[in-house]
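Nothing in this text is a laboratory measurement; each read-out follows from the coordinates by a stated rule. Fair warning: this is a prediction, and the values are worked out from it, not measured in the lab.
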Amino acid sequence: MHTNEITTLLKQHASGDEGALDKLMPLVYDEMQKMARIHLFKEKKDHTLSTTALVHEAYLKLVDFNRIDWQNRNHFFAIASQVMRNILVDHAVKQKAQKRGGDWQKVTLGEKNAAREVKLHDILSIHQALERLEKLDERQVRVVECRFFGGLTIEETSEALNISTPTVSRDWKMARAWLNRELSPES
C-alpha cells in the first residue's frame, strides 16, 4: 500500500489542501471497504446499510476532521474504524427506537482477531459495554476499537495509538476479559 503517500496526503489535508482529498480516496478506499465488511459482518443479515454506504458516510465524516494531526496511515484507519462504529451505533439506535425494544443478545470476544470470529447481533450491547469500560480505562477502549472494529494487528494498533506492543497486548487481554465478563449472560 501507499503508506507514505497516504500519510503525506493526510498531512496536506490537515494543512488546508482540499485537493489532497481527491488523491487520498482512491488510496484508502479498498482498505475502508475491507473494514466496513468486517463491521457489517458482525451485524444482522438484514442490515440496511451496505458496505459502500458505510464507507462513503465514514469518509465524509473523516474529511470534516480538518483539525486532526494525522500521524500516519494506521492512525487514519484507527479513526476510520471508530467512525464506522459510531455510524453503526447511530443506525442501531434509530432502528431500536423504531422497533421500541427488541431482543438483546450477548457477545463474547475471542482470543484471536475478534472481528473475524464473532458475529455481533446487537452492536448496542458492545457499544454500551465499551462506554462503561471507557470510564475505567480509555486506552483499553481505543485498543478494542483498533483490534476488534478496525481489524488492526497488535503492531498496527501500537503504531496507531503510539504505545508499545506489550502495552497493546496487555490492554487487549485485559479489555477482552472485562468485556467478556460484562457481556456474559450471567451479568
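Applying the Karplus relation 6.51 cos²θ - 1.76 cosθ + 1.60 with θ = phi - 60° to region 10-19 yields 3J(HN,Hα) values of 4, 5, 5, 5, 4, 7, x, 7, 5, x Hz, where x marks Gly and Pro. Our coupling estimate for region 131-139, obtained by passing each phi through the Karplus curve with A = 6.51, B = -1.76, C = 1.60 and θ = phi - 60°, is 5, 5, 5, 4, 5, 8, 7, 5, 5 Hz, Gly and Pro reported as x.
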